[in-house]
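Only one structure is covered here, and it is reproduced in the block below.
The values are calculated or read from the model by the stated rules, or taken from the named source; none is laboratory data. Just so you know, these numbers come straight off a predicted model, no measurement behind them. Here Cβ is always computed from backbone atoms with ideal geometry, including for glycine, and neighbour counts include all displayed protein chains.
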Amino acid sequence: MEVALAADKLGRRYRRQGPWAVRDLSFTVPAGSVTALVGPNGAGKSTLIRCWMGFERPDAGTALVGSIDPQRQRDRAIASIGYVAQSNALYRAWAIDDHFRWVAGYRSSFDRGYAIKRVERLGLDLSRKVSELSGGEKAQVALTIALSLRAPILLLDEPTASLDPLARREFLAILVEDVRESGATVILSSHVITDIEQACDSVIVLSHGRLLLHDTIEDARDQHIAMPLASLNMLAPIATFAGPKGEPLALVRAAAEPSQRATLEEIVLGYLATPTARSPIPDAR
Amino acid sequence: MITTVRLVAKQHRFELALVVVVSLVAGLAAGFVTTRLAGVGVPPDCAAAWLDSVGTADRCTPLLEAFGRIYFEEAGPVLASMAVLPFAVGLLAGVPVVGRELETGTAQFAWGITPSRVRWLARQLLVVGLILLVAVGFASITSEILEATRAQSMLAPPFQNHGLHGAIVLARACAALAVGLFVGALTGRSLPAFIVGAIVMAILFMGSGLAREGWASSQPTVVIDGETGNAFDGQVVGLGWLDQTGTIHPYTDGASLAPPTVEGDVDEWLMANGYEQVQLGITVQTARAWVPIEVAGWLVLSVAFLGAGAIVVSRRRPT
């Protein structure tokens, strides 16, 4: 299995002696996979992505892009990544096409023709300024740029956060379609679980900077059962959490029949409800 | 390349427009005052007569008065503005290059695209720096012409307006640009960077003044003739004691020149015992040698701050 991204005992904190944003993360992301990075606010999703980008210097361990350590060879790491930042921070004064031209000046792999075609398909005028675009349109432009880089790895940091449900669905549909064609490895950070099922094949659940679950969505669903707390019998639950109607549910790790399989939302909620997930990593002090 | 120039200019359009407009206004004002001064048409012999303190002919007096009025009322403020202009426009152009990218979050986009942040910085700087150089260059040239017109025609010592014209103005603007860029990269905020940059530039400016004084006092001095002092076209550096052998002693050495038994006014004793209190200066040729030194000093600072800025940019995390 070719590894596209990896974390090896990765730790990062923003203040010396302060709490860890991520700690002791070790896992690999296979090439060609579309992995959801899930967790509540402050779980460490952005920090992890920024470590791969070389934007954050790990305080422990390493983040690897393929076999490249972005801290040592940031140019090579960046050259293989298409990145969409959480804030969709594009230049307000520039038109969409200005961005395309600018990017083309730095990345020879940038496919401007594809970018133009894609934006036109979205019904956006290339000469429109970013300041005139809605949040959803900005996200689409940012995604277009990332996709048009034709990079083998896409790191998307909550790109759908500012989108309404319809725009989100459209955004993800385009992403999936494009990624299927290109075979790129994608990390999609989100806290909207429905997004994940639509677009991803693997899931990483983080909370308070710790890795709670990393599995393919199929395997995760095959191995988890969500059941009412009352029918738990002798099974040891991973955690209990409130169901859609407020009823207490338990998540159990066990081989599941198709009819028993927990939904991805139940799995994620179950892991986020574990005592480990709820307690922050203590300060080093 | 044209795309880069266009986009960077678009990105910093407000600051660059202000830099261009302010420099253009100052430069045009200097040009306008120069033509007014030249228009008075003071003949060289009038200025020479005035400088030699031998009285001026009747035909000269109204011309010199008109020239002096324009010089003090119009050229004075224009040249005085050159004291602030390079620092203000340099910082204005330099701070947003990185500071605002970090402040608005666009650094995440830019640094996520460009494999080499130094290359990105170089492109930004090339455009902003070029516009600054052209704009301030215009003001520095016209102010130099203004100063040359004044110096040819008359009056005050040539170094009265040191630093308010010519290459020094441009060099100071380069240093301010570099300081602004560095502080902006460090703080990641535009307004605080501008304030800190202004403080840094004020310290450097004062430092350059002290360095100039120190340099001037270390140069060989000449005694300024008391009777024709006005005609001295060098730079006055202070007072001294001239002994009967013609040796010049610094004024501060006065106490050591008198015997320890002297009580009371040492100056009086020295003057009564063959020492003459004289004004000392360095010749115009010597004084002019400081200009390239100061220009080089500002340029070295520019390179140092740009280098430091590049290091910060390449190591900093985008916010």
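Values for this structure:
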quantity: All positions within segment A:15-47 that are within 14 Å of another protein chain (Cβ to nearest Cβ) and closer than 21 Å to B:A110 by Cα; calculated: A:S46, A:T47
quantity: Search result, residues across segment A:70-117 that are part of a loop (DSSP other than H, G, I, E, B), over 23 Å from the mean Cα position of the chain (by Cα) and not polar (S, T, N, Q); calculated: A:R72, A:Y91, A:R92, A:A93, A:W94, A:R107, A:D111
quantity: Cβ-Cβ under 8 Å pairs, at least 6 apart or on other chains, segment B:100-118 side more than 7 Å from chain A (Cβ to nearest Cβ), far side acidic (D, E) and surrounded by 20 or more Cβ atoms within 10 Å (Cβ to Cβ); calculated: B:A107/B:E101; B:A110/B:E101
quantity: Yes/no for A:L124 being closer than 29 Å to A:D164 by Cβ and touching an Asp or Glu at 6+ places or on another chain (Cβ under 7 Å); calculated: yes
quantity: Segment A:118-137, subset of a type outside the set (D, E, K, R) and in a helix (DSSP H, G or I), residue nearest to A:A151 (Cα to Cα); calculated: A:V119
quantity: Helices (runs of 4 or more DSSP H) within segment A:208-285 that include 1 or more residues among the aromatic types (F, W, Y) and surrounded by 20 or more Cβ atoms within 10 Å (Cβ to Cβ); calculated: A:264-272
quantity: Number of the condition not met by A:T194 [criteria: (1) out of contact with any Asp or Glu (no Cβ under 8 Å at 6 or more places or on another chain); (2) assigned by TED's automatic domain parsing to the domain that holds A:A115; (3) more than 20 Å from A:T28 (Cα to Cα)]; calculated: (1)
quantity: Flag for A:T194 being in contact with a helix residue (DSSP H, G or I) (Cβ under 8 Å, 6 or more places away or on another chain), surrounded by 14 or more Cβ atoms within 10 Å (Cβ to Cβ), in a strand (DSSP E or B) and not hydrophobic (A, V, I, L, M, F, W, C); calculated: no
quantity: In segment A:141-168, the residues that are more than 12 Å from chain B (Cβ to nearest Cβ), in a helix (DSSP H, G or I) and in contact (Cβ under 8 Å) with a residue 12 or more places away in the chain; calculated: A:L143, A:T144, A:L147, A:A167, A:R168
quantity: Leading residue by the ranking (modelled with the lowest pLDDT) among those in segment A:74-95 that are at the interface with chain B (Cβ under 7 Å from one of its Cβ atoms) and within 20 Å of B:S314 (Cα to Cα); calculated: A:A89
quantity: When residues of segment A:96-140 are limited to those that are basic (K, R) and away from chain B (no Cβ under 14 Å), the one nearest to B:M1 (Cα to Cα); calculated: A:R128
quantity: Matching option when the condition is surrounded by 21 or more Cβ atoms within 10 Å (Cβ to Cβ), without any contact (Cβ under 8 Å) to a residue 24 or more places away in the chain and either within 30 Å of A:E265 (Cα to Cα) or hydrophobic (A, V, I, L, M, F, W, C) (or both), among A:F55, A:F110; calculated: A:F55
quantity: Filter pass, B:R123 being basic (K, R) and more than 14 Å from chain A (Cβ to nearest Cβ); calculated: no
quantity: Boolean, B:V89 is β-branched (V, I, T), more than 14 Å from chain A (Cβ to nearest Cβ), in a helix (DSSP H, G or I) and more than 30 Å from A:Q73 (Cβ to Cβ); calculated: yes
quantity: Counted residues, segment A:41-69 - those being farther than 15 Å from A:V3 by Cβ and more than 20 Å from the chain's Cα centre (by Cα); calculated: 3
quantity: Some residue of segment B:43-66 being among the β-branched types (V, I, T), assigned by TED's automatic domain parsing to the domain that holds B:A151 and at pLDDT 90 or above; calculated: no
quantity: Among (1) free of Cβ contacts under 8 Å to residues at least 24 places away in the same chain; (2) under 27 Å from the mean Cα position of the chain (by Cα); (3) crowded, with 16+ Cβ neighbours inside 10 Å, the one test that B:A17 misses; calculated: (3)
quantity: Helices (runs of 4 or more DSSP H) enclosed by segment B:208-319 - at least 2 residues per element that are touching a residue at least 24 places away in the same chain (Cβ under 8 Å) and either within 32 Å of the chain's Cα centre (by Cα) or not assigned by TED's automatic domain parsing to the domain that holds B:A185 (or both); calculated: B:284-288, B:290-315
quantity: Long-range neighbours under 7 Å by Cβ, at least six apart or interchain, first residue modelled with pLDDT of 95 or more within segment B:83-98, second in a helix (DSSP H, G or I) and of a type in the set (S, T, N, Q); calculated: B:L85/B:S23; B:V89/B:S23; B:V95/B:S190; B:P96/B:S190; B:V97/B:Q124
quantity: Any chance B:V95 is over 23 Å from A:H99 (Cβ atoms) and assigned by TED's automatic domain parsing to the domain that holds B:C174; calculated: yes
